Amino acid sequence: QVRLEESGGGLVQAGGSLRLSCAASGRSFNAMAWFRQAPGKEREFLAVINSWGDRSTYADSVKGRFTISRESAKNTVYLQMTSLKSEDTAVYYCAAAPYYSGSRYSNDYPYWGQGTQVTVSS
């Protein structure tokens with residue numbers, strides 16, 4: 001059984017930081033990504049990283065503030081978020097795919113976690 005489980009979400013003040021984690025089980029993935037979705041909005045791509053951790057792609061909206069990293073031996077991906085803004089408030093999802101392509105489209109990721117809530121207060 002394939003399972004992705006996010007953790008690390010919570011309430012933080014604007015300007016603060018959070019680190020999200022996602023642990024995958026059931027199989028290994030060459031691409032692991034982060035998306036987010038706010039109420040009434042489409043699911044938004046944030047970042048993706050390959051199995052070796054030497055290739056990554058970021059959305060322009062978070063470039064310079066968010067950092068994706070990966071521990072391949074543990075099949076775990078992280079998202080370090082800094083300088084958080086109220087517009088970062090959303091449910092954050094971990095996603096995975098068998099091959100890395102740098103895709104920004106949710107349909108290219110067949111495996112998903114349940115999400116973790118991040119709320120940024122002003």
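The values are calculated or read from the model by the stated rules, or taken from the named source; none is laboratory data. None of these values were measured; they are calculated from a predicted model. For neighbour counting, all protein chains shown are included, and Cβ atoms are generated from backbone atoms with ideal geometry for every residue, glycine included. Surface areas here come from the heavy atoms of the whole protein model, side chains and all, with no ligands, DNA or RNA. Shrake-Rupley method; radii C 1.70, N 1.55, O 1.52, S 1.80 Å.
Of all residues in the stretch 1-17, those being assigned to a loop (DSSP other than H, G, I, E, B) and open to solvent by 50 Å² or more (accessible area, probe 1.4 Å) number 5. Residues in the stretch 68-122 that are hydrophobic (A, V, I, L, M, F, W, C) and more than 15 Å from Gly53 (Cβ to Cβ): Met81, Leu84, Ala90, Val91, Cys94, Ala95, Ala97, Trp112, Val118, Val120.
Take Ser21 and tell me if it is out of contact with any strand residue (DSSP E or B) (no Cβ under 7 Å at 6 or more places or on another chain) and of a type in the set (Ser, Thr, Tyr). Answer is no for this residue.
Taken together, the residues in the stretch 107-122 that are open to solvent by 40 Å² or more (accessible area, probe 1.4 Å), touching a strand residue (DSSP E or B) at 6+ places or on another chain (Cβ under 9 Å), modelled with pLDDT of 95 or more and not in a strand (DSSP E or B) amount to 3. Residues in the stretch 96-106 that are open to solvent by less than 10 Å² (accessible area, probe 1.4 Å) and more than 12 Å from the chain's Cα centre (by Cα): 1 in all. Only residues that are in contact with a Leu (Cβ under 7 Å, 6 or more places away or on another chain) and free of Cβ contacts under 8 Å to residues at least 40 places away in the same chain were counted in the stretch 62-117, giving 3. Condition test on Tyr93, is it hydroxyl-bearing (Ser, Thr, Tyr), crowded, with 19+ Cβ neighbours inside 10 Å and within 19 Å of Gly26 (Cα to Cα)? For Tyr93, the condition - hydroxyl-bearing (Ser, Thr, Tyr), crowded, with 19+ Cβ neighbours inside 10 Å and within 19 Å of Gly26 (Cα to Cα) - is met.
Filtered by the rule that a residue be open to solvent by 10 Å² or more (accessible area, probe 1.4 Å), within 18 Å of Gln13 (Cβ to Cβ) and within 14 Å of the chain's Cα centre (by Cα), the stretch 66-85 gives Gln80, Thr82. Residue count for the stretch 49-65 under the criterion of being open to solvent by less than 50 Å² (accessible area, probe 1.4 Å) and over 15 Å from Ala33 (Cβ atoms): the result is 1.
Exactly one residue among Leu20, Leu46 is without any contact (Cβ under 8 Å) to a residue 60 or more places away in the chain and open to solvent by less than 30 Å² (accessible area, probe 1.4 Å), and that residue is Leu46.
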